[in-house]
Amino acid sequence: MVRQRKVAISQHKHANNNETNSSSGGSDTADTSRAFKLLSIWKTGVGFFCLVVAIYVGVLGYLETRVNTPFDDEKAVQETGLMVPDRYWGTYRPGVYFGLKSREPRSPVFGLMWYELGAAHKGIRHWCEQSDNLPTYGWQRHNGFTFGEQHISDPPHQIITSFIKTMGGEHGGHWTARINVTTTNKKPTTVGIIWYGALDESLGPAAPHSRLWVESGALLGHTPQLQNFRVNFVPHTGKVLHTSYSEAVAPGLHLLKEKFYSLLKPSKERYGRLGQLAVLEADPKLTEKGVFANFVPIQMIVETPFILDVVYTTEDLPTPPLKEDEYTKVLEEKKKSFDEEFEENFKLLKKGYSDEDVNIARAAMSNMIGGVGYFYGAGRVQSQYTREPVPYWRAPLYTAVPSRSFFPRGFLWDEGFHGLLIGRWSPEIQLDIAAHWLDLINVEGWIPREQILGVEALARVPKEFVVQSNAAANPPMLLLQLAGLLRARPQLFQHGRYRHLLDRMFPRLQAWYQWFQTTQKGEVPTSYRWRGREDDGLQLNPKTLTSGLDDYPRASHPSDIERHVDLRCWMYAAADAMATIAEVLQRDTSKFEATRDQLGDEALLNELHWSHHTQTYADYGLHTDGVKLVRQQPKAPNESPKVVRSVTVPPKPRFVTSAFGYVSLFPMLLMVLKPDSDKLGKILEDLDKPELLWSPFGLRSLSKASPLYMRRNTEHDPAYWRGQVWLNVNFLALRALRHYAAAGPHATRARDLHARLRDALVGNVLSEYKRTGYLWEQYSAEDGRGSGCKPFTGWTALIVLIMADEY
Ligand SMILES: *[C@@H]1O[C@H](CO)[C@@H](O)[C@H](O)[C@H]1NC(C)=O
């Protein structure tokens with residue numbers, strides 16, 4: 001772009017020169033004068049043309065850079081890194097079974113790998129992988145600040161990993177991590193335990209400012225923030241058969257396990273298959289000049305039962321670190337006070353839940369908090385003005401994740417739900433997470449909905465999902481979450497730190513809100529349309545990923561006349577949330593209230609979305625139910641047959657009434673309807689019908705009577721939001737039922753539905769946890785079984801709030 005712009009300017013200059021030259025050499029005859037005039041008009045024309053080109057190119061260049069230009073205002077996050085000592089170190093690597101890092105863009109990372117030596121080699125455990133088939137794993141307790149304890153079951157081993165931080169000094173303090181391995185059948189087994197330190201070099205070489213090395217059995221290191229640190233290894237139960245270590249050069253944080261494999265060399269002892277390769281050797285790469293180690297694994301071949309304390313100390317803190325019996329004692333105390341605090345917060349024992357159920361609730365919340373990560377990097381984004389995807393700016397993100405195995409990164413609308421639970425434990429963490437997300441807003445007011453920051457995160461995302469488009473929205477749940485906190489705890493925001501934070505957040509929230517209002521508008525006034533639907537001819541019903549409800553059926557043929565009832569309700573709720581936030585900050589609320597009242601006008605809503613025919617709310621668009629997937633005859637003999645969509649009845653503009661489900665409920669879910677609305681009565685009636693949405697395990701996403709109920713979207717995409725029970729929307733339903741239970745003609749029905757829906761959800765989620773060891777992404781409406789990915793301790797963990805009756 002810059003180069004083209006220069007060319008345009010120099011052409012322009014050249015034209016002027018010509019003009020000067022010819023005028024100085026011109027004669028006075030009429031002919032030459034006319035010729036001169038023509039020439040001069042022509043030249044002026046060229047000059048003007050060039051100027052237009054220059055401006056055009058300039059504007060294009062400007063538009064091209066908009067997508068990755070940060071919002072121009074003070075950042076919401078002002079305190080980070082060492083300025084926040086209680087959250088400096090943490091288990092901020094949710095994608096590994098056990099790992100620690102600090103909230104620093106270039107923090108060294110530490111982590112655990114393990115493997116069983118012997119005949120049945122099952123591979124090295126490191127990243128949380130569904131294919132490892134562990135019967136269960138996850139945090140039993142985690143307070144988000146100073147300690148956590150996790151149980152991992154990898155038969156025949158039971159591994160307990162825990163950590164405790166000791167704060168103090170200027171460089172982040174100490175921590176101790178414990179790895180406690182027992183064998184379920186008490187028979188001693190031989191296990192390889194690896195603890196490693198690694199430096200992230202994706203932002204450029206870490207050395208010479210940061211270094212890692214081994215000295216007399218300890219892992220030592222130095223970074224500009226931590227200064228000198230030391231990691232001691234203190235085994236104190238069980239037998240260590242062999243210890244070896246390596247100083248190595250890994251190609252990146254995403255390839256540590258592969259690098260580890262390559263460092264294993266044959267040993268004289270025979271420990272079984274992988275055990276023949278039991279000893280770590282130094283990396284030959286390190287003999288090259290100017291090459292420094294960025295990966296230092298310490299391996300112990302041990303006999304179970306075995307306990308290892310990994311003791312990290314910073315040089316500037318004289319306090320002795322925790323280890324052995326002292327650690328055990330402090331851990332017990334922390335567990336006890338955690339349990340007390342949990343009960344104080346959620347009062348589940350008091351509400352009559354059994355110890356076992358409370359344990360599950362505690363684990364659910366601990367996994368949400370223990371799944372909080374700290375990421376740093378630049379995502380890839382695209383706008384209509386960029387020819388290629390371009391990098392976003394490098395930024396940190398402190399966020400919870402939906403699933404440590406399947407989605408170990410930040411998702412915008414999920415985070416809106418996560419904060420509801422996190423904030424009940426710690427508004428501090430909730431607000432810090434929200435502030436980090438808001439700092440990712442660009443000058444247009446857009447926030448990318450999936451955040452893939454850093455090489456470790458990138459390595460786990462299929463290519464087609466990496467690039468984020470600036471036309472893509474995602475439900476503004478984050479706004480609702482913040483407004484909820486403000487309503488529940490207004491005193492936090494009257495003055496002081498949180499008030500300042502909210503003041504810094506406000507322009508960003510407003511820009512985000514405004515972005516929705518301008519970019520997601522529909523053709524008809526007060527209607528809205530999710531952008532980004534594409535008909536590729538393969539999908540039974542083109543997905544609407546931006547809505548968060550992926551394959552939930554919409555109009556069969558995406559078009560500009562479409563209007564989405566869920567988005568319109570989200571915008572009502574967003575305007576309402578903005579009004580609440582503005583009011584607390586004593587700013588002008590009138591604009592938000594006006595929009596809220598307009599979108600809350602039931603007559604207007606009904607005009608756009610109420611189908612008199614079916615007596616339900618629905619999307620509107622170019623639609624036909626006459627679609628099916630068919631296998632095409634291959635064109636060439638060696639081609640494999642393709643499954644495509646065939647349209648048997650042409651689409652026409654109409655309400656998409658056949659897709660009755662979550663989308664149809666939004667006027668109730670987001671409490672757009674007034675308590676005395678007769679449409680509300682109809683929704684509550686429909687909710688309760690087993691042949692539609694009601695199941696003994698919660699509300700189905702799509703009616704059993706819908707033609708697309710549980711139907712796959714393509715040959716490769718099974719149903720996702722086409723019938724399964726999802727906890728986030730069920731949570732919204734409960735919250736709304738509770739609201740409508742307060743007053744009005746439908747109060748009794750709402751109260752009854754609330755109680756039955758709550759019991760159905762709690763009963764099933766808990767019993768599935770007992771049966772499978774996990775919380776799940778979604779649950780089958782047929783038999784209640786967990787489905788999708790696991791562990792899913794994102795919004796499914798809202799079950800804790802449901803148990804506590806807190807919405
Ligand atoms: C180690 O784990 C076992 C059970 O897995 C437990 O009984 C024991 O108390 C733990 N030991 C310590 C010191 O934490």
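The values are calculated or read from the model by the stated rules, or taken from the named source; none is laboratory data. Quick caveat: nothing in here was measured; it's all calculated off a predicted structure. As a convention, Cβ positions derive from the backbone with ideal geometry for all residues, glycine included, and neighbour counts pool all protein chains shown. SASA here: full protein model, heavy atoms, side chains in, ligands and nucleic acids out. Shrake-Rupley method; radii C 1.70, N 1.55, O 1.52, S 1.80 Å.
Of the conditions (1) of a type in the set (A, V, I, L, M, F, W, C); (2) away from the ligand (no atom under 12 Å from the Cβ); (3) at pLDDT 95 or above; (4) open to solvent by less than 30 Å² (accessible area, probe 1.4 Å), Leu117 satisfies every one except a single condition; which number is it?
(3)
Quick one: Lys122 ticks every box in (1) open to solvent by 40 Å² or more (accessible area, probe 1.4 Å); (2) more than 30 Å from Thr176 (Cα to Cα); (3) at pLDDT below 85 except a single one, so which number is it?
(2)
So, in segment 187-203, of the ones that are open to solvent by less than 10 Å² (accessible area, probe 1.4 Å) and not aliphatic (A, V, I, L, M), which residue ends up farthest from Asn294 (Cα to Cα)?
Across segment 187-203, the extreme among qualifying residues is Gly192.
Every residue, every condition in (1) out of contact with any helix residue (DSSP H, G or I) (no Cβ under 7 Å at 6 or more places or on another chain); (2) among the polar types (S, T, N, Q); (3) open to solvent by 30 Å² or more (accessible area, probe 1.4 Å), yes or no:
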| site | (1), (2), (3) |
| --- | --- |
| Ala483 | no, no, no |
| Gln494 | yes, yes, yes |
| His500 | yes, no, yes |
| Met505 | no, no, no |
| Trp512 | yes, no, no |
| Trp515 | yes, no, no |
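Filter segment 328-342 for residues that are within 11 Å of the ligand (Cβ to nearest atom) and within 23 Å of Ala361 (Cα to Cα); which is most open to solvent (accessible area, probe 1.4 Å)?
Glu332
Considering segment 598-615 alone, what residues qualify as being outside any loop (DSSP other than H, G, I, E, B) and surrounded by fewer than 13 Cβ atoms within 10 Å (Cβ to Cβ)? Walk me through it before giving the result.
Residues of segment 598-615 outside any loop (DSSP other than H, G, I, E, B): 598-599, 602-611.
Passing the criteria: Ala603, Glu607.
State which residue pairs qualify: first residue closer than 17 Å to Gly144 by Cα and inside segment 338-350, second residue among the basic types (Lys, Arg) in any location, beta carbons under 7 Å apart, and separation of 6 or more residues or different chains.
Listed pairs, sorted by first residue: Phe338/Arg141; Phe342/Arg362; Asn345/Arg424.
Output the residues belonging to segment 648-684 that are open to solvent by 30 Å² or more (accessible area, probe 1.4 Å) and aliphatic (A, V, I, L, M).
Within segment 648-684, Val649, Met671 meet the criteria.
Please work out which residue is farthest from the ligand (Cβ to nearest atom), limiting yourself to segment 158-173 and to residues that are closer than 22 Å to Phe338 by Cα and open to solvent by 10 Å² or more (accessible area, probe 1.4 Å).
Quick first cut of segment 158-173, residues closer than 22 Å to Phe338 by Cα only: 159-168, 173.
If we keep only those that are open to solvent by 10 Å² or more (accessible area, probe 1.4 Å) as well, we get 160, 165-168.
Working: Ile160: 5, Lys165: 18, Thr166: 18, Met167: 22, Gly168: 25 Å.
Among those residues, the one meeting the criterion is Gly168.
Considering segment 517-541 alone, what residues qualify as being open to solvent by less than 60 Å² (accessible area, probe 1.4 Å), touching a helix residue (DSSP H, G or I) at 6+ places or on another chain (Cβ under 9 Å) and on the phi > 0 side of the Ramachandran plot?
The answer is Thr526, and nothing else.
What number of residues within segment 135-147 satisfy the criterion of being within 16 Å of the ligand (Cβ to nearest atom), buried (at least 21 other Cβ atoms within 10 Å of the Cβ) and not aromatic (Phe, Trp, Tyr)?
Here the count works out to 2.
Kindly establish whether Thr772 is surrounded by fewer than 23 Cβ atoms within 10 Å (Cβ to Cβ) and farther than 30 Å from Gly626 by Cα.
Answer is yes for this residue.
Looking at segment 73-95, is at least one residue more than 21 Å from the chain's Cα centre (by Cα), among the β-branched types (Val, Ile, Thr) and within 16 Å of the ligand (Cβ to nearest atom)?
no
Just checking, does segment 664-678 include any residue being under 27 Å from Leu605 (Cα atoms), out of contact with any strand residue (DSSP E or B) (no Cβ under 8 Å at 6 or more places or on another chain) and without any contact (Cβ under 8 Å) to a residue 40 or more places away in the chain?
yes
Please list, ordered by residue number, the strands (runs of 3 or more DSSP E) wholly in segment 349-428 having 1 or more residues that are open to solvent by less than 10 Å² (accessible area, probe 1.4 Å) and among the polar types (S, T, N, Q).
395-399
Take Asp625 and decide whether it is in contact with a Ser or Thr (Cβ under 9 Å, 6 or more places away or on another chain), charged (D, E, K, R) and open to solvent by less than 30 Å² (accessible area, probe 1.4 Å).
In short, no.
With Leu699, Leu693, Leu687 as the choices, which residue is closer than 23 Å to Ala781 by Cα, crowded, with 19+ Cβ neighbours inside 10 Å and without any contact (Cβ under 8 Å) to a residue 40 or more places away in the chain? Don't jump to the end; show me each part of the working.
Values: Leu699 fails: without any contact (Cβ under 8 Å) to a residue 40 or more places away in the chain; Leu687 fails: without any contact (Cβ under 8 Å) to a residue 40 or more places away in the chain.
The conditions single out Leu693.
In segment 164-201, what residues are among the hydrophobic types (A, V, I, L, M, F, W, C) and in contact with a helix residue (DSSP H, G or I) (Cβ under 9 Å, 6 or more places away or on another chain)?
Ile164, Met167, Ile194, Ala198, Leu199 - these are the residues of segment 164-201 that are among the hydrophobic types (A, V, I, L, M, F, W, C) and in contact with a helix residue (DSSP H, G or I) (Cβ under 9 Å, 6 or more places away or on another chain).
Take the residues in segment 582-597 that are surrounded by 14 or more Cβ atoms within 10 Å (Cβ to Cβ) and not basic (Lys, Arg); name whichever of them is nearest to Cys569 (Cα to Cα).
Filtering segment 582-597 for residues that are surrounded by 14 or more Cβ atoms within 10 Å (Cβ to Cβ) and not basic (Lys, Arg), the one nearest to Cys569 (Cα to Cα) comes out as Thr595.
Tell me, yes or no, whether segment 633-647 has at least one residue that is aliphatic (A, V, I, L, M) and surrounded by fewer than 14 Cβ atoms within 10 Å (Cβ to Cβ).
Yes - at least one qualifying residue is present in segment 633-647.
Can you tell me which residues in segment 429-480 are of a type in the set (Val, Ile, Thr), in contact with a Pro (Cβ under 9 Å, 6 or more places away or on another chain) and open to solvent by 10 Å² or more (accessible area, probe 1.4 Å)?
Answer for segment 429-480, where residues must be of a type in the set (Val, Ile, Thr), in contact with a Pro (Cβ under 9 Å, 6 or more places away or on another chain) and open to solvent by 10 Å² or more (accessible area, probe 1.4 Å): Val443, Val466, Val467.
With respect to Gln150, is the statement that it is open to solvent by less than 30 Å² (accessible area, probe 1.4 Å), within 13 Å of the ligand (Cβ to nearest atom) and within 20 Å of Thr328 (Cα to Cα) true? Working first, answer last.
Details: open to solvent by less than 30 Å² (accessible area, probe 1.4 Å): yes; within 13 Å of the ligand (Cβ to nearest atom): yes; within 20 Å of Thr328 (Cα to Cα): yes.
The answer is yes for Gln150.
Would you check which residues across segment 295-322 are open to solvent by less than 10 Å² (accessible area, probe 1.4 Å) and within 16 Å of the ligand (Cβ to nearest atom) and list them?
Val302, Thr304, Phe306, Leu308, Asp309, Val310, Val311
Assess whether Asp325 counts as being within 11 Å of the ligand (Cβ to nearest atom), surrounded by fewer than 17 Cβ atoms within 10 Å (Cβ to Cβ) and either modelled with pLDDT of 95 or more or within 16 Å of Trp175 (Cα to Cα) (or both).
On the way: within 11 Å of the ligand (Cβ to nearest atom): yes; surrounded by fewer than 17 Cβ atoms within 10 Å (Cβ to Cβ): yes; either modelled with pLDDT of 95 or more or within 16 Å of Trp175 (Cα to Cα) (or both): yes.
It is true that Asp325 is within 11 Å of the ligand (Cβ to nearest atom), surrounded by fewer than 17 Cβ atoms within 10 Å (Cβ to Cβ) and either modelled with pLDDT of 95 or more or within 16 Å of Trp175 (Cα to Cα) (or both).
Can we say Ser131 is in a helix (DSSP H, G or I) and either on the phi < 0 side of the Ramachandran plot or within 13 Å of the ligand (Cβ to nearest atom) (or both)?
Against the criterion (in a helix (DSSP H, G or I) and either on the phi < 0 side of the Ramachandran plot or within 13 Å of the ligand (Cβ to nearest atom) (or both)), Ser131 qualifies.
Output the number of residues of segment 603-641 satisfying the condition of being touching a residue at least 60 places away in the same chain (Cβ under 8 Å) and of a type outside the set (Ser, Thr, Tyr). Don't jump to the end; show me each part of the working.
As a first pass, look at segment 603-641 and keep what is touching a residue at least 60 places away in the same chain (Cβ under 8 Å): 604-606, 608, 610, 615-617, 619-625, 627-629.
Checking which are of a type outside the set (Ser, Thr, Tyr) leaves us with 604-606, 608, 610, 615, 619, 621-623, 625, 627-629.
Residues flagged as touching a residue at least 60 places away in the same chain (Cβ under 8 Å) and of a type outside the set (Ser, Thr, Tyr) within segment 603-641 amount to 14.
Given the structure, is Tyr720 open to solvent by 10 Å² or more (accessible area, probe 1.4 Å), part of a loop (DSSP other than H, G, I, E, B), touching a helix residue (DSSP H, G or I) at 6+ places or on another chain (Cβ under 8 Å) and farther than 21 Å from Thr399 by Cβ?
no
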